[in-house]
1. Can you list residue pairs whose Cβ atoms sit under 6 Å apart, with the first residue in the stretch B:40-56 being more than 8 Å from chain A (Cβ to nearest Cβ) and the second being among the hydroxyl-bearing types (Ser, Thr, Tyr)? Count only pairs 6 or more apart in sequence or on different chains.
2. Looking at (1) in contact with a Leu (Cβ under 9 Å, 6 or more places away or on another chain); (2) assigned to a helix (DSSP H, G or I), which is the one condition that is false for A:ALA63?
3. From B:GLY203, B:GLY125, B:GLY189, B:GLY208, grab the single residue that is in contact (Cβ under 8 Å) with a residue 12 or more places away in the chain and buried (at least 24 other Cβ atoms within 10 Å of the Cβ).
4. Determine which single condition B:HIS178 fails, assuming it passes every other condition in (1) at pLDDT below 85; (2) part of a helix (DSSP H, G or I); (3) out of contact with any Leu (no Cβ under 6 Å at 6 or more places or on another chain).
5. Can you report the number of residues in the stretch B:72-109 which are of a type in the set (A, V, I, L, M, F, W, C) and within 19 Å of B:LEU197 (Cβ to Cβ)?
6. Determine, yes or no, whether B:PHE56 is within 22 Å of A:ASP54 (Cβ to Cβ), of a type in the set (Phe, Trp, Tyr), modelled with pLDDT under 90 and out of contact with any Pro (no Cβ under 7 Å at 6 or more places or on another chain).
7. Of the residues B:ALA89, B:ALA75, B:ALA16, only one is assigned to a helix (DSSP H, G or I), closer than 24 Å to B:LEU127 by Cβ and in contact with a strand residue (DSSP E or B) (Cβ under 8 Å, 6 or more places away or on another chain); which?
8. Quick one: which of B:ALA92, B:ALA137 is more than 9 Å from chain A (Cβ to nearest Cβ), in contact with a Phe, Trp or Tyr (Cβ under 7 Å, 6 or more places away or on another chain) and more than 20 Å from B:PHE168 (Cα to Cα)?
Amino acid sequence: MTTIWICVALTALANFAIKATAPAVLGNRPLPSRAKGVIALLAPALLAGLVISDLLGPRWSSANGPLALGVLTAAATRTTRLPAPACIIAAVIVTAVTHAML
Amino acid sequence: MSTVDDIRTGVRRSTALAASTFVLGVTFGALARAHGWGLGAPVVASLTIFSGSAQFALLTVLGSGAAAWTAVASAALINLRFFPMALSAAPALQGGRIRRAIEAQTVVDGAWVLAHQGEGRFNRGVLFGSALAQWPAWVTGTLVGVVLAPSIGLLNATGLDVVFPAFFALLLFDEMRHSRSARIAAAGGAVITAALLLVLPAGPALLGGAAAALLGLRTTNTAQS
């Protein structure tokens, strides 16, 4: 149990440092325009990575069809301009039904 | 709009995200309890770390019997993505170094995306509001998960395992509407991350996928020339 508490404390400290370092050091200085260009594209690149990471897992060990179908449902329903919660509910229903069928 | 209005906007726009965060928190709490973390450690972890990906990594690596430093390193690697994210949001933050360092703690995946106004600009109030909505949801969800300890099988059977990736997919969908470069960066991020996941843990794989942002910039320059 002590090991768990130490790990939690160290991870919290590391997390704080990772987020704090750049803003604390950079201060009020604006970013160079080239950096802004790259940063503007960080969101789609990271989000795509997060979706893939959630769907596949390390070594693609947690790849599963129901989850992928659910994510596709969320994206498909978004094209109809439904609000996000409705899209999520649709994804949950499709995933649950697919889980039940397999 | 004032900062208070922006914070309200951030809270309002994060309602669905907070609900997803709550569900994921329940999953984390239930898993941590099943791994023998007890009642307090999971909740304190959610209070102080406030990162699902890092906490799940910590749980998984410790549960596999690996050394403690490996678990902490894995969690830190996963959260390394917050370095460029906090860097990008830095011009929007205010105050001296200590205050900026504290304000930067509101940089979490969903809040960072919602606060992004395009062209690398961020809305500080929306960032705070979104984090303010998600943090209690994450901690409360963890507490509920620890206390009720629902089986992971039950969470999966009810389809709730899709909540987080689905919400990320929605945010991605909205980001991809901005430009062709965003779509190229997203495609690159997906392909690179998928390939790296075969040989690396999730943290480094995500960082590698983020490098796709460089590909998108190159495409922008080519299109402009």
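1. Close Cβ pairs satisfying both conditions: B:PRO42/B:THR142; B:VAL43/B:THR142; B:SER46/B:THR142.
2. In the conditions (1) in contact with a Leu (Cβ under 9 Å, 6 or more places away or on another chain); (2) assigned to a helix (DSSP H, G or I), A:ALA63 misses (2) alone.
3. Values: B:GLY203 fails: buried (at least 24 other Cβ atoms within 10 Å of the Cβ); B:GLY125 fails: buried (at least 24 other Cβ atoms within 10 Å of the Cβ); B:GLY208 fails: buried (at least 24 other Cβ atoms within 10 Å of the Cβ).
After applying the criteria, what remains is B:GLY189.
4. Single failed check for B:HIS178: (2).
5. Applying the first criterion (of a type in the set (A, V, I, L, M, F, W, C)) to the stretch B:72-109 yields B:72-73, B:75-78, B:80, B:82-83, B:85-87, B:89-90, B:92-93, B:98, B:101-102, B:104, B:107-108.
If we keep only those that are within 19 Å of B:LEU197 (Cβ to Cβ) as well, we get B:73, B:75-78, B:80.
Going through the stretch B:72-109 one residue at a time, the tally reaches 6.
6. Numbers: within 22 Å of A:ASP54 (Cβ to Cβ): yes; of a type in the set (Phe, Trp, Tyr): yes; modelled with pLDDT under 90: yes; out of contact with any Pro (no Cβ under 7 Å at 6 or more places or on another chain): yes.
Yes; evaluated as a whole, the condition is true for this residue.
7. Numbers: B:ALA75 fails: in contact with a strand residue (DSSP E or B) (Cβ under 8 Å, 6 or more places away or on another chain); B:ALA16 fails: in contact with a strand residue (DSSP E or B) (Cβ under 8 Å, 6 or more places away or on another chain).
The match here is B:ALA89.
8. On the way: B:ALA137 fails: more than 20 Å from B:PHE168 (Cα to Cα).
None of the others qualify; the one that does is B:ALA92.
The values are calculated or read from the model by the stated rules, or taken from the named source; none is laboratory data. Quick caveat: nothing in here was measured; it's all calculated off a predicted structure. For neighbour counting, all protein chains shown are included, and Cβ atoms are generated from backbone atoms with ideal geometry for every residue, glycine included.
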